[in-house]
1. Work out Dmax and Rg for the range A:254-410 from the C-alpha atoms and quote the Rg first, both in angstrom.
2. Projected onto the charge dipole of the range B:156-273 (+1 at Lys/Arg Cβ, -1 at Asp/Glu Cβ, origin at the Cα centre), which of B:I261, B:Y197, B:I166 gives the Cα projection farthest towards the positive end?
3. Mean 1/r over all different Cα pairs, inverted: what Kirkwood radius does the range B:272-311 give, in Å?
4. Could you work out the mean count of beta carbons from other protein chains within 10 Å of each residue's beta carbon in A:155-162?
5. Roll a 1.4 angstrom probe over the protein heavy atoms and tell me the percent of accessible area of chain A that is carbon or sulfur.
6. Based on a Kirkwood Rh over C-alpha pairs, give the Stokes-Einstein translational diffusion coefficient of the range A:176-317 at 10 °C and viscosity 1.306 mPa s in µm²/s.
7. Please report the relative contact order for chain A, taking Cα pairs under 8 Å with a sequence separation of at least 6, and give it as a percent rounded to a whole number.
8. Quick check for me: using +1 on Lys/Arg Cβ and -1 on Asp/Glu Cβ, what's the dipole size of the range B:20-76 about its Cα centre, in debye to the nearest 20?
Protein chains: 2
Amino acid sequence: MFSLEDILLAKSIAVVGASNNPNKMGHTLIKNIVDGGFEGKIYPVNLKEDKILGIRAYPDISSIPENIDLVVVSVPAFAVQDIIKQAGEKGVKGAIIISGGFKEIGNHDLEKEVLKTAREYGMRIIGPNCQGVNYTANKMCATWPLVKTQGSIGVVSQSGTIGATIELWAEREDMGVSCFASLGNKSDISETDFVEYFADDPNTKVVALNIEGIQEGEAFVDTMVRTSHKKPIVVLKPGRTAKGIEAVASHTKSIAGNDKIFSAFCKKHGIVRANDITEFYDFCKIAATSRKPKGNKMLIITSSGGAGIIATDTAEKIGIDIASISHELKRKLEDILPDQCVLSNPLDLTGDATAERYEKTLKAVMDDGNFDLLLTIFGDPIPGAFEVINKFKSNSKAQIIVSYLGGGDVEEQEVKLMNRNNIPAFPTPERAVKAAKALLEFKK
Amino acid sequence: MFSLEDILLAKSIAVVGASNNPNKMGHTLIKNIVDGGFEGKIYPVNLKEDKILGIRAYPDISSIPENIDLVVVSVPAFAVQDIIKQAGEKGVKGAIIISGGFKEIGNHDLEKEVLKTAREYGMRIIGPNCQGVNYTANKMCATWPLVKTQGSIGVVSQSGTIGATIELWAEREDMGVSCFASLGNKSDISETDFVEYFADDPNTKVVALNIEGIQEGEAFVDTMVRTSHKKPIVVLKPGRTAKGIEAVASHTKSIAGNDKIFSAFCKKHGIVRANDITEFYDFCKIAATSRKPKGNKMLIITSSGGAGIIATDTAEKIGIDIASISHELKRKLEDILPDQCVLSNPLDLTGDATAERYEKTLKAVMDDGNFDLLLTIFGDPIPGAFEVINKFKSNSKAQIIVSYLGGGDVEEQEVKLMNRNNIPAFPTPERAVKAAKALLEFKK
């Protein structure tokens with residue numbers, strides 16, 4: 001029985017169309033598999049070359065002397081079917097077809113024939129017309145661009161670009177992804193297969209799904225509902241306006257469906273919809289690092305009054321409560337903080353706040369603990385911010401969320417440390433508050 | 001007669017409280033002035049040290065043998081008045097008082113006395129309790145963090161953190177700022193003075209204003225209206241909800257005012273309000289690089305169908321029209337583009353699009369020209385993107401806006417080139433479309 005594992009955990013890959021010419025897709029693909037550190041066997045397939053990137057090449061799949069788990073195909077459309085046949089003969093279980101020139105330009109028949117050939121051999125297909133797959137736990141970057149950081153966001157994306165954007169942002173911030181799968185024409189393997197796989201994948205904590213249209217209604221709905229009980233799911237589904245729906249139809253020849261019904265379905269099952277690519281990333285990040293808080297009372301601690309006000313505005317606008325500070329806590333804070341601090345919520349430690357001042361404050365408020373979400377804003381270059389938060393992270397009843405801004409190089413280093421250690425850090429307070437709201441809405 | 005020029009174009013600066021101790025603010029300040037490349041004279045003032053950062057130090061202002069244009073003050077609050085007096089005796093025209101401990105903690109009298117002393121000598125004050133000033137054309141980074149890139153966004157910000165965030169983002173993207181001024185308690189010089197200055201400042205193309213409360217209603221309103229006829233103004237004014245208004249009152253003891261009235265005022269005068277820090281930056285960026293289009297018809301060219309759909313959704317949602325493609329243009333595009341391209345709007349060049357394909361397409365659509373805004377989305381690592389856009393930039397009747405995503409290192413390089421050359425490039429299509437909408441709303 002085929003499982004996506006056969007593709008994602010492949011131990012040997014043939015790259016058909018591999019090339020030494022850096023302008024060819026087949027070059028990028030094999031180079032990223034090599035540079036990504038893939039530890040299994042790599043077989044370049046190229047009719048004319050003996051070696052690709054210094055690795056022995058073969059004229060066709062049949063000539064490869066060993067077993068192959070996965071073929072990655074980047075050749076003109078007309079040649080694809082024969083390659084799938086060869087791969088089938090060799091007992092290959094999965095193929096990623098990067099090549100375009102199928103359904104998306106009206107070549108429905110060619111796409112059907114390729115699928116039929118694959119089915120004859122029990123082979124499963126991702127694509128055609130897709131941007132490939134990156135499964136970081138297997139160091140298998142069979143896609144572009146090259147992204148290596150292992151994280152726990154499982155991205156399955158109809159749009160290669162949107163999925164790649166998420167993995168690039170996650171890499172830049174040391175968050176990483178567990179998987180990036182781009183589905184293209186979805187002739188065979190669809191988002192349903194990936195969501196199903198992610199549901200039990202130990203490397204994946206959150207499912208990030210970008211779709212334009214849904215072809216197999218019932219299976220999709222069942223899988224989404226089942227998975228929502230196991231892991232948080234974030235969905236970016238454009239085609240929400242009349243013109244957007246037209247654009248969906250032009251792009252992948254699929255039907256965006258009724259947006260209100262889809263929204264209602266998501267709401268009912270604690271699946272969170274992102275409104276844009278930024279939210280898509282932010283919501284995945286908070287789901288990958290944080291647990292669902294018990295309630296929606298937020299305490300804001302900040303070194304920047306201005307940033308604190310923006311956080312407050314955002315919270316009030318989207319329905320997060322600003323916790324009140326008890327008299328006891330206020331008295332305690334008066335004892336430990338300098339005069340210029342503002343002892344309300346937002347609790348303003350002012351611009352000369354050091355990591356030590358944050359630490360004293362966090363200790364005091366944790367002992368009090370009348371809140372579910374603790375937004376800590378670092379609004380200056382404050383070294384040691386990560387260490388302070390890390391100390392309180394595990395023992396805190398409240399979920400700690402960070403916004404770090406105005407901190408230049410210090411900020412960049414501290415934010416990476418935080419993200420790497422499951423402390424979600426956002427570049428603006430409003431993005432942090434919106435992500436906190438999403439966290440409250442997940443079923444799991 | 002004092003002008004802000006006396007501060008912003010200072011040729012000699014005394015830093016009172018300058019220190020060799022890297023934990024002191026007075027260290028950061030003088031280090032940033034030095035490392036920022038300030039070309040005038042720098043006089044550290046410190047009672048105990050002979051040299052600060054290797055520069056001869058003086059025990060007090062009076063001992064400095066030459067004229068001083070500007071003093072930057074970072075000493076405890078009780079010592080500030082005497083320093084202002086000394087500076088006044090020496091004929092200094094302007095002071096930036098970083099020190100806190102004044103109005104913001106209830107010391108109204110001390111703040112008034114310092115101001116009174118300054119007035120006796122005709123000296124003007126920025127602060128106290130502020131994050132200082134960076135005027136890049138004068139290489140004068142009398143603030144933190146260190147930011148050097150010269151650009152044309154003039155930032156005046158009640159919140160040091162929010163202003164610093166804008167200049168840091170602008171630096172990272174090679175946009176730069178002309179000025180970052182943090183006002184703190186605004187005992188003397190206010191946003192009105194800066195807006196007035198920016199209106200005629202040749203280094204400033206767009207005014208970026210972050211305020212919480214407005215103290216001097218009439219002068220502010222007059223200046224804003226006058227300036228709106230000369231340059232685009234972007235305002236970030238939080239305190240829009242009840243809890244946000246409370247937070248404003250706690251922070252700077254100022255009154256946020258009626259938000260609806262302020263919005264109506266902005267709308268009437270073509271002053272654009274940003275809803276959050278991200279919009280604040282994006283709207284400034286587009287205003288600094290672009291001209292106001294004649295209408296709101298947008299053509300979207302993309303290599304990513306998914307990103308094109310998101311752009312379309314956003315445009316439709318916020319009231320930008322999706323231009324229709326004429327039959328003539330469609331026929332022309334059929335001749336020059338490969339089969340898989342989707343010849344509608346969004347015009348999808350598909351994932352294997354090269355800079356050359358963009359160039360051919362841009363030429364064809366420019367000849368047709370039935371649109372006011374051209375959103376070009378690069379959704380893959382496409383080298384040469386900048387050069388193509390740069391070719392068409394000046395001769396285009398439509399304003400060209402770029403979104404570049406999913407491109408990794410190639411993207412980073414290309415985006416910097418674009419921003420540096422007045423081509424606004426945004427990391428997501430929705431941010432690009434929202435910025436385009438802001439551009440339509442400026443008076444100027």
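1. According to the Cα coordinates of the range A:254-410, Rg and Dmax are 17.5, 63 Å.
2. After comparing all options, I get B:I261.
3. 12.4
4. That average works out to 6.
5. So the carbon and sulfur contribution to the accessible surface is 49 percent.
6. For these conditions, the coefficient is 94 µm²/s.
7. Across chain A, relative contact order equals 11 percent.
8. It works out to roughly 200 debye.
The values are calculated or read from the model by the stated rules, or taken from the named source; none is laboratory data. In this text the structure is predicted, and so the values were computed from the model without any measurement. Cβ: placed from backbone, ideal geometry, glycine included. Neighbour counts: every protein chain shown. Ligands, DNA and RNA are stripped out before the accessible areas are found, and what is left, the full protein with its side chains, is counted by its heavy atoms. Shrake-Rupley method; radii C 1.70, N 1.55, O 1.52, S 1.80 Å.
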